[in-house]
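The values are calculated or read from the model by the stated rules, or taken from the named source; none is laboratory data. The structure presented is a predicted model; accordingly, all values stated were derived computationally and were not measured. Cβ atoms come from the backbone with ideal geometry, glycine included; neighbour counts cover every protein chain shown.
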Number of protein chains: 2
Amino acid sequence: MSAAGYDVTGIGNAIVDVITQSTDKFLIENKIEKGAMTLIDAQRAEELYSRMGAGTESSGGSAANTIAGIASFGGKAAYIGKVADDQLGKTFAHDIKALGVRYATVPLKRGEPTARCLIMVTPDAQRSMSTFLGASSLLTVKDVDAALIKDSQVTFLEGYLFDPAEAKQAFYEAAGIAHEAGRKVSLTLSDKFCVDRHRKDFQHLIETEIDILFANESEIVSLYETKGFDEAVHILRGKCEIAAVTRSEKGSVILQGKDFHIIDPDKVKVIDTTGAGDLYAGGFLFGYTQGFDLVKAGRLGSLAASEVISHFGARPMTSLKELARSKSLI
Amino acid sequence: MSAAGYDVTGIGNAIVDVITQSTDKFLIENKIEKGAMTLIDAQRAEELYSRMGAGTESSGGSAANTIAGIASFGGKAAYIGKVADDQLGKTFAHDIKALGVRYATVPLKRGEPTARCLIMVTPDAQRSMSTFLGASSLLTVKDVDAALIKDSQVTFLEGYLFDPAEAKQAFYEAAGIAHEAGRKVSLTLSDKFCVDRHRKDFQHLIETEIDILFANESEIVSLYETKGFDEAVHILRGKCEIAAVTRSEKGSVILQGKDFHIIDPDKVKVIDTTGAGDLYAGGFLFGYTQGFDLVKAGRLGSLAASEVISHFGARPMTSLKELARSKSLI
């Protein structure tokens with residue numbers, strides 16, 4: 001692999017999170033699928049917002065959270081994603097640039113507003129997400145900065161990009177450019193319902209385009225429609241260069257060809273699981289692009305995930321670089 | 001006192017907080033007065049925002065935080081304050097209404113945007129605030145809902161209202177209506193620099209219009225330009241019906257005529273002191289309007305303050321009603 005200016009460029013739906021504490025009763029009354037990400041339209045977004053409690057706004061988006069994690073470790077990261085030219089869009093851009101991330105996607109001038117994700121956190125720390133994609137769904141091939149992709153060791157894509165038709169094209173475009181330049185392409189499956197929506201596409205993608213896959217237990221079970229984890233792992237094994245599968249409090253399993261590693265989780269008091277998978281990918285990709293072995297990359301993933309679930313919000317609140325140093329991991 | 005539909009109506013600058021973790025170095029380099037609230041113009045707000053780290057947006061405003069606290073205890077509360085008809089204004093309105101607070105001030109249609117307060121939290125948990133008042137400074141006498149004030153046991157005003165000229169008029173209007181209806185008027189001095197700006201006005205106000213005063217140690221020292229706390233307390237004593245003076249980790253002192261009570265603080269790990277004084281006032285006023293004695297009101301103030309300083313953000317993240325019940329305070 002030739003030298004690259006960036007460790008990782010992430011592409012995803014650029015979203016601002018609105019996080020509130022909620023109850024199971026509220027989820028049931030408002031027909032919100034617990035633990036999942038559900039796409040909603042503008043009207044439903046207005047309705048839900050009017051019913052939900054006081055919120056805290058902070059920049060989110062799955063791949064953007066991963067990129068924030070990489071930057072927090074001190075990695076060189078860039079992001080591509082579409083916001084509108086409005087207040088939430090300005091907030092998103094400010095927050096990701098403030099982390100030292102290169103972000104230059106041109107905001108949408110008219111039409112849809114910046115995407116928002118209404119996140120209900122129940123007392124069991126589970127998050128249930130209702131996403132209005134707005135401007136983020138209007139990411140197109142034109143937004144894919146070819147020079148940037150060529151200059152990045154890894155291009156990281158979120159499965160959610162498959163939901164908007166234009167973004168899906170941008171996804172394939174970016175993967176093509178990366179591989180042509182001899183770079184790696186990484187994907188996170190995002191969510192088991194997302195896998196449900198795009199199962200065949202994802203199965204094909206993993207065998208043809210993906211070098212490094214991130215998924216959780218329920219996503220790979222959904223992907224291969226198996227009864228359990230072990231069966232899904234055996235189908236997945238060898239399908240891509242590296243696969244890192246997270247299992248919440250059980251830690252993670254990393255597959256590489258026919259080899260595998262079992263990584264224990266970092267134990268913390270769980271406040272809000274939002275961003276756990278995103279940050280695991282951030283820690284792992286930081287480690288991978290620094291040339292660390294997969295076990296160390298997995299441990300950095302666990303560390304980043306443990307930090308983000310110990311507080312509200314989907315991005316780190318402490319320097320992951322300092323945290324990793326305090327644990328002698330870097 | 002005749003029966004009232006509301007326990008407390010608060011009037012203040014309606015502000016959205018943008019909270020970020022910062023360093024003393026950043027404060028010095030950007031000439032931000034540590035621990036204080038500094039008024040800034042639109043240009044300075046843009047500049048500071050572009051330099052500061054990734055933030056979390058949540059509704060704030062001193063009196064609004066107090067009102068949020070009262071609502072969280074289960075009190076009947078209302079709020080008057082001006083936002084613009086923009087995204088941050090909608091966020092502010094949503095958040096305060098979601099707490100069950102009556103809020104009906106008409107948003108500003110054009111001109112200034114919704115006020116924002118850039119809050120830098122340093123590792124010592126101190127917050128330094130830079131406020132762009134925007135639309136909040138355009139609160140006028142017309143926004144003072146006379147029927148609401150008459151129907152509230154206490155009208156609670158923040159000292160910061162003295163900064164914008166029109167809001168100051170609204171302040172006097174509200175106090176006049178409340179007293180005419182036989183209701184109580186309460187004031188928080190807000191900040192020692194605010195006291196510096198309006199010392200003579202505040203001294204006069206306290207003796208003529210204020211029934212219940214909230215202040216902290218540095219504010220009363222500034223108010224009477226004394227060398228120490230005890231001297232300031234002795235000047236303040238008897239000047240208004242009740243005065244509750246907070247002293248951070250030393251707890252609070254409540255003065256009533258020539259009598260006094262010393263209230264110990266609730267000890268917690270301090271993460272961010274934003275909102276401590278506001279929530280003390282919230283707990284105290286909730287207790288006072290329920291007819292509890294001043295010691296119990298003070299203990300509810302301490303409890304609410306301890307909750308808000310144990311996390312980032314200026315409003316409670318747990319139900320203060322449940323918290324008070326768990327401590328057998330209500």
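Number of residues in the range B:220-250 that are surrounded by fewer than 16 Cβ atoms within 10 Å (Cβ to Cβ) and closer than 28 Å to residue B:17 by Cα: the value is 3. Please indicate, with yes or no, whether at least one residue in the range B:152-159 is of a type in the set (D, E, K, R) and crowded, with 24+ Cβ neighbours inside 10 Å. Yes, the conditions are met somewhere in the range B:152-159. Please verify whether residue A:98 is among the hydrophobic types (A, V, I, L, M, F, W, C), within 14 Å of another protein chain (Cβ to nearest Cβ) and free of Cβ contacts under 8 Å to residues at least 24 places away in the same chain, treating the condition exactly as stated. Against the criterion (among the hydrophobic types (A, V, I, L, M, F, W, C), within 14 Å of another protein chain (Cβ to nearest Cβ) and free of Cβ contacts under 8 Å to residues at least 24 places away in the same chain), residue A:98 qualifies. Taking the criterion of being part of a helix (DSSP H, G or I) and within 21 Å of residue A:282 (Cβ to Cβ), the residues of the range A:206-220 that qualify are A:206, A:217, A:218, A:219, A:220.
Looking for something among the hydroxyl-bearing types (Ser, Thr, Tyr) and in contact with a Phe, Trp or Tyr (Cβ under 8 Å, 6 or more places away or on another chain) - is there at least one such residue anywhere in the range B:280-296? Before you say what the answer is, go through the steps one by one.
We begin by selecting, within the range B:280-296, every residue among the hydroxyl-bearing types (Ser, Thr, Tyr); these are B:280, B:288-289.
Now narrow it down to the ones that are in contact with a Phe, Trp or Tyr (Cβ under 8 Å, 6 or more places away or on another chain): B:280.
Yes, because at least one residue in the range B:280-296 is among the hydroxyl-bearing types (Ser, Thr, Tyr) and in contact with a Phe, Trp or Tyr (Cβ under 8 Å, 6 or more places away or on another chain).
One residue stands out in the range A:167-196 among those that are crowded, with 17+ Cβ neighbours inside 10 Å and among the basic types (Lys, Arg): the one that is nearest to residue A:130 (Cα to Cα), namely A:192.
For the range A:1-16, what are the residues that are modelled with pLDDT of 95 or more and either among the aliphatic types (A, V, I, L, M) or surrounded by 24 or more Cβ atoms within 10 Å (Cβ to Cβ) (or both)? Those that are modelled with pLDDT of 95 or more and either among the aliphatic types (A, V, I, L, M) or surrounded by 24 or more Cβ atoms within 10 Å (Cβ to Cβ) (or both): A:8, A:9, A:10, A:11, A:12, A:13, A:14, A:15, A:16. The single condition from (1) more than 20 Å from residue A:313 (Cβ to Cβ); (2) in contact (Cβ under 8 Å) with a residue 60 or more places away in the chain; (3) surrounded by fewer than 21 Cβ atoms within 10 Å (Cβ to Cβ); (4) β-branched (Val, Ile, Thr) that residue A:271 fails is (1). The set of residues from the range A:301-326 being within 12 Å of another protein chain (Cβ to nearest Cβ) and either over 12 Å from residue A:272 (Cα atoms) or touching a Ser or Thr at 6+ places or on another chain (Cβ under 8 Å) (or both) comprises A:312, A:313, A:314, A:315, A:316, A:317, A:318, A:319, A:322.
For every residue, the table says whether it meets (1) touching a strand residue (DSSP E or B) at 6+ places or on another chain (Cβ under 7 Å); (2) over 26 Å from residue B:51 (Cβ atoms).
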| residue | (1), (2) |
| --- | --- |
| B:106 | no, yes |
| B:112 | yes, no |
| B:117 | yes, no |
| B:120 | yes, no |
| B:135 | yes, no |
| B:143 | yes, yes |
| B:160 | no, no |
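Just checking, does the range A:285-304 include any residue being in contact (Cβ under 8 Å) with a residue 24 or more places away in the chain, surrounded by 24 or more Cβ atoms within 10 Å (Cβ to Cβ) and of a type in the set (Val, Ile, Thr)? Among the residues of the range A:285-304, not one is in contact (Cβ under 8 Å) with a residue 24 or more places away in the chain, surrounded by 24 or more Cβ atoms within 10 Å (Cβ to Cβ) and of a type in the set (Val, Ile, Thr), which makes the answer no.
Scanning the range B:142-158 for residues that are in contact with an Asp or Glu (Cβ under 9 Å, 6 or more places away or on another chain) and free of Cβ contacts under 8 Å to residues at least 60 places away in the same chain yields B:146, B:150.
Put simply, of B:50, B:58 the only residue that is hydroxyl-bearing (Ser, Thr, Tyr), surrounded by fewer than 19 Cβ atoms within 10 Å (Cβ to Cβ) and under 24 Å from residue A:90 (Cα atoms) is B:50.
Determine whether residue B:133 is of a type outside the set (Lys, Arg) and touching a Pro at 6+ places or on another chain (Cβ under 7 Å). So residue B:133 passes the test.
For residue A:226, the criteria (1) touching a His at 6+ places or on another chain (Cβ under 8 Å); (2) free of Cβ contacts under 8 Å to residues at least 40 places away in the same chain; (3) β-branched (Val, Ile, Thr) hold in every case but one, which is (1). Taking residues in the range B:184-207 that are over 16 Å from residue B:174 (Cα atoms), and partners anywhere that are of a type in the set (Gly, Ala, Ser) and not in a helix (DSSP H, G or I), the pairs with Cβ atoms closer than 6 Å and at least 6 places apart or on different chains are B:189/B:215; B:193/B:36.
When B:40, B:70, B:28, B:19 are screened for being surrounded by fewer than 24 Cβ atoms within 10 Å (Cβ to Cβ), farther than 22 Å from residue B:166 by Cβ and β-branched (Val, Ile, Thr), only B:28 passes.
Of all residues assigned to the range A:140-161, none qualifies as being at pLDDT 95 or above, under 24 Å from residue B:89 (Cα atoms) and more than 14 Å from chain B (Cβ to nearest Cβ). In the set (1) more than 14 Å from chain A (Cβ to nearest Cβ); (2) under 19 Å from the mean Cα position of the chain (by Cα), residue B:296 fails one condition alone, (2). For the range B:89-113, name all the residues that are acidic (Asp, Glu) and in a helix (DSSP H, G or I). Passing the criteria: only B:95. Suppose we filter the range B:108-129 for residues that are over 16 Å from residue B:275 (Cβ atoms), within 12 Å of chain A (Cβ to nearest Cβ) and among the aliphatic types (A, V, I, L, M); how many remain? Count: 0. Here the condition is being closer than 24 Å to residue B:171 by Cβ and among the basic types (Lys, Arg); of B:239, B:250, it holds for B:239 alone.
Of the helices (runs of 4 or more DSSP H) lying entirely inside the range B:7-88, those containing at least 3 residues that are within 14 Å of another protein chain (Cβ to nearest Cβ) span B:42-51, B:62-72. Of all the numbered requirements in (1) within 14 Å of chain B (Cβ to nearest Cβ); (2) touching a residue at least 12 places away in the same chain (Cβ under 8 Å), residue A:105 misses one, and that requirement is (1).
Those residues that are within 28 Å of residue B:330 (Cβ to Cβ) and surrounded by fewer than 24 Cβ atoms within 10 Å (Cβ to Cβ), I need them from the range B:76-100; list them, please.
Taking the range B:76-100 first, the residues within 28 Å of residue B:330 (Cβ to Cβ) are B:76-81, B:94-100.
Hits for the range B:76-100 are B:76, B:94, B:97, B:98, B:99, B:100.
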